[in-house]
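The values are calculated or read from the model by the stated rules, or taken from the named source; none is laboratory data. Source: prediction; values computed, not measured. Glycine gets a Cβ as well: all are built from the backbone with ideal geometry, and neighbour counts include every protein chain shown. Protein only, heavy atoms only, side chains kept; ligands, DNA and RNA dropped before computing areas. Shrake-Rupley method; radii C 1.70, N 1.55, O 1.52, S 1.80 Å.
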Amino acid sequence: MTDNIKTDTHPAPLDERAQMNAEAQAAADKASTYEHGWSSDIEQEFAEKGLNEDTVRFISAKKEEPEWMLDWRLKAFRIWQDMESPDWAKLDIPMIDYQDAYYYAEPKKKPELDSLDDVDPEILRVYEKLGIPIAEQEVLAGVKGARKVAVDAVFDSVSVATTFREELEAAGVIFRSISEAIREYPDLVRKYLGKVVPVKDNYFAALNCAVFSDGTFVYVPEGVRCPMELSTYFRINAENTGQFERTLIVADKGAYVSYLEGCTAPQRDENQLHAAVVELVALDDAEIKYSTVQNWYPGDENGKGGIYNFVTKRGLCAGARSKISWTQVETGSAITWKYPSCVLNGENSVGEFYSVALTNNHQQADTGTKMIHNGKGSRSTIISKGISAGKSDNTYRGLVRVGPNAENVRNFTQCDSLLLGDTCGAHTVPYIEVKNPTAQIEHEATTSKISDDQMFYAQQRGLDEEEAVSLIVNGFAKDVLKELPMEFAVEAQKLLAISLEGSVG
Amino acid sequence: MLKIENLHATIGDTEILKGLSLEINAGEVHAIMGPNGAGKSTLAYVLGGRDGYEVTEGSATFNGQDILDMDPHERAALGLFLGFQYPVEIPGVSNLQFLRESLNSQRKSRDEEPLSGGEFIKLAKEKAALLKMDMDMLKRAVNVGFSGGEKKRNEMVQMGILNPELAILDETDSGLDIDALRTVGSGINAIMRDEKKAVLLITHYQRLLDEVQPDYVHVLAKGRIVKTGGPELALQLEEQGYEAVAA
């Protein structure tokens, strides 16, 4: 923490001045250490602290869910109780007391909204702080020919605003909060929910199945190209509230959809558990592009606080020639445990994984992907860029598996690690399991440091130390950043720079 | 413009510069020649402010300001440019992005408005044409996959865009064929021949000095300037070698 901030520019009584100093100090600390470190005052309605069957029933009742959904949750809860938290990742995970957390919080009940004008101004202000003003997006949407961004605003687990719904509906696209979808499209949800990530897939997925609070459902019908990028901005706001998002996206035959997910969280001392599940299903000739920028609170310089992010993301290329592409920029969270994967069952289906994972201070990330090739002629590409600074640890863990009946599979993997300083770690753990001799698998890996030559060269041209690091790091990550939709690319570059502040010199 | 007095500098425990003095005024071109290991590149790095080079004695001022305590980017913003003997590759960063950010960062330090995208491209086109460099080269990553000659021309394009007051060019002529040497030479003249600017050429060979006529030639040996003369000194060095001349 900084102790040298001078604030006494005008005279005041000593004790008052001391207090002012303390306040200014606190504000300065906050501002300097975490750009999105603020919180807002929206009234919460909590489920009682702790986790048991009653908690599950409470959530299900709050959501006015049908019986089958409650049964599914309860089954998941019982399975979860018999499971153990996984310990195979290269992560040092503190004990999590699941009984010492809230599992449900929602903003005060509001009537359904017709337009953004009806949205709580507090929420709009929050988005503006994030640099993503909805108001501006509306203006953008009004410009003829401009690409439109639909925002399903998830605010503390409950959808409060859904925009562009009508236009999407005209195209036949269903874009709902998952709670709404469960009520309005039960058959569709039931057909796919838990089919890509089964309830008992892993500890955190099972927990999510039991207590997921809300999330997003997208269905793009046969032959429809979704007329706009779909995006969801998540924010975790309530102290000690775990966030359990559930996302299900189905692209029917020949459909196309691009989905953006961006996250940032206010600063809290308490650790916040996040265990989301995302399931994607692509039928014949369908394509899903899923992009994430994740900037949750990473904890302070000493490793105190920060989000625990245990996410299960998996896509099923069920149909022939289907394609699923994951792009992620992960800069936040104290602990990241995340492996967006593709199950390539369709013939000639395609899976892609583009990742930038940046860790600083005491952050730990164990992230990567799984490409499961079951379909003939299926292909996958993995580009992973790990950036480690401070005392952080950054692991790429990836599996490429080729089943016995999958002829002519191809995979290309490139894993590059960049180290800043000499107290951080970068690790690459590739698993390759090939049961068909016709497969062609390539794996390339590099580890490098930012060289003194590069730093001096950039500084001699006029960049200061942090600008030089930011430029070199963004260059390193470019192959991934260019896969992001325009809306995210600039934000992502800014994030990389912000996340590395103070890591040099 | 640049005034160096009794400069001593070390790398680790080894003293490389041992009392070097040199004064360069606006409108002048100086050449420093000298045998390998004399300290020519060290002088360039010390003036640029590179880490690991420690000044133990003496001073260096630029337009009256002590530059030795400044960070490299602060010296750059004052108008000091270093042409690198071995230009560095920065993968994934285009030349245009690199130079625009560098230039605007310099302008910010000088309280000048940043250049817009359009203004910058216009400037870059003009300077690239001067060095007969294809704009497509500027869209590629900084020095990645460039030949030796292309890297050196790229240094001169950068110099043109950043428009420094003083350019220190460290063996900019090495690795250039005859045509490229002419292009680079005329580029240096076009960009830097100005009564408000100055150039310090570090070179081994007369041939660059045929293109860029120096006003003064210095011989650097064992960490100090041992002889100073006019352009004829370079010719004499070429004929007789350093040992005979510097003895």
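General observations
- In the stretch A:466-482 there is no residue that is of a type in the set (Ser, Thr, Tyr), surrounded by fewer than 17 Cβ atoms within 10 Å (Cβ to Cβ), within 14 Å of chain B (Cβ to nearest Cβ) and under 26 Å from B:Phe98 (Cβ atoms).
- Selection from the stretch B:81-97 of residues that are more than 7 Å from chain A (Cβ to nearest Cβ) and open to solvent by less than 20 Å² (accessible area, probe 1.4 Å): B:Phe81, B:Gly83, B:Pro87, B:Asn95
- Residue match in the stretch A:348-371 (condition: open to solvent by 10 Å² or more (accessible area, probe 1.4 Å), touching a residue at least 24 places away in the same chain (Cβ under 8 Å) and of a type in the set (Ser, Thr, Tyr)): yes
- Wholly within the stretch B:14-78, strands (runs of 3 or more DSSP E) carrying at least 3 residues that are within 16 Å of the chain's Cα centre (by Cα): B:14-24, B:29-33
- Residues being in contact with a helix residue (DSSP H, G or I) (Cβ under 9 Å, 6 or more places away or on another chain) and open to solvent by less than 40 Å² (accessible area, probe 1.4 Å) - total across the stretch B:56-67: 3
- Flag if B:Glu165 is closer than 20 Å to A:Gly462 by Cα, within 13 Å of the chain's Cα centre (by Cα), within 14 Å of chain A (Cβ to nearest Cβ) and open to solvent by 50 Å² or more (accessible area, probe 1.4 Å): yes
- Condition check for A:Glu491: in a helix (DSSP H, G or I), open to solvent by less than 70 Å² (accessible area, probe 1.4 Å), of a type in the set (D, E, K, R) and away from chain B (no Cβ under 13 Å): yes
- When A:Ser503, A:Ser499 are checked against the criterion of being out of contact with any strand residue (DSSP E or B) (no Cβ under 8 Å at 6 or more places or on another chain) and more than 7 Å from chain B (Cβ to nearest Cβ), A:Ser503 stands alone in meeting it.
- Of the listed requirements (1) under 20 Å from the mean Cα position of the chain (by Cα); (2) away from chain A (no Cβ under 14 Å), B:Lys151 misses just one: (2).
- Where a residue in the stretch B:36-53 is facing chain A (nearest Cβ under 10 Å) and its partner, wherever it lies, is of a type in the set (A, V, I, L, M, F, W, C) and part of a loop (DSSP other than H, G, I, E, B), with Cβ under 7 Å and at least six apart: B:Gly49/B:Met70
- From the list B:Arg75, B:Arg140, B:Arg107, the one residue that fits, being in contact with a strand residue (DSSP E or B) (Cβ under 9 Å, 6 or more places away or on another chain), modelled with pLDDT of 95 or more, more than 24 Å from B:Tyr53 (Cα to Cα) and among the basic types (Lys, Arg), is B:Arg140.
- A search for C-beta distances below 8 Å between a residue of the stretch B:64-80 that is facing chain A (nearest Cβ under 8 Å) and any residue that is open to solvent by 40 Å² or more (accessible area, probe 1.4 Å) and outside any helix (DSSP H, G or I), counting only pairs 6+ apart in sequence or on different chains, returns B:Asp71/A:Asp464; B:His73/A:Asp464; B:Ala77/B:Arg110.
For (1) touching a Gly at 6+ places or on another chain (Cβ under 9 Å); (2) over 22 Å from A:Gly223 (Cα atoms), each residue gets a yes or a no:
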{"residue": "A:Asp284", "(1), (2)": "yes, no"}
{"residue": "A:Val311", "(1), (2)": "no, yes"}
{"residue": "A:Leu344", "(1), (2)": "yes, no"}
{"residue": "A:Asn361", "(1), (2)": "yes, yes"}
{"residue": "A:Thr369", "(1), (2)": "yes, yes"}
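- Qualifying residue in the stretch B:101-124 (condition: away from chain A (no Cβ under 13 Å), among the hydroxyl-bearing types (Ser, Thr, Tyr), more than 17 Å from the chain's Cα centre (by Cα) and open to solvent by 10 Å² or more (accessible area, probe 1.4 Å)): yes
- Scanning the stretch A:446-461 for residues that are of a type in the set (A, V, I, L, M) and open to solvent by 10 Å² or more (accessible area, probe 1.4 Å), we see that the one that is farthest from B:Val157 (Cα to Cα) is A:Ile450.
- Counting the residues of the stretch A:382-400 that are in contact with a Phe, Trp or Tyr (Cβ under 8 Å, 6 or more places away or on another chain) and either open to solvent by 40 Å² or more (accessible area, probe 1.4 Å) or charged (D, E, K, R) (or both) gives 2.
- Filter result for A:Gly305 (at positive phi and not in a strand (DSSP E or B)): yes
- Residues satisfying the stated conditions in the stretch B:185-202, i.e. in a helix (DSSP H, G or I), open to solvent by less than 60 Å² (accessible area, probe 1.4 Å) and either touching a Leu at 6+ places or on another chain (Cβ under 6 Å) or more than 26 Å from B:Thr228 (Cα to Cα) (or both): B:Gly187
- Of the listed requirements (1) modelled with pLDDT of 90 or more; (2) closer than 23 Å to A:Gly351 by Cβ, A:Phe488 misses just one: (1).
- Exactly one residue among A:Val469, A:Val429 is in a strand (DSSP E or B) and either within 14 Å of B:Asp51 (Cβ to Cβ) or in contact with a Ser or Thr (Cβ under 9 Å, 6 or more places away or on another chain) (or both), and that residue is A:Val429.
- Residue match in the stretch B:5-17 (condition: within 22 Å of B:Val142 (Cα to Cα), of a type in the set (Asp, Glu) and open to solvent by 10 Å² or more (accessible area, probe 1.4 Å)): no
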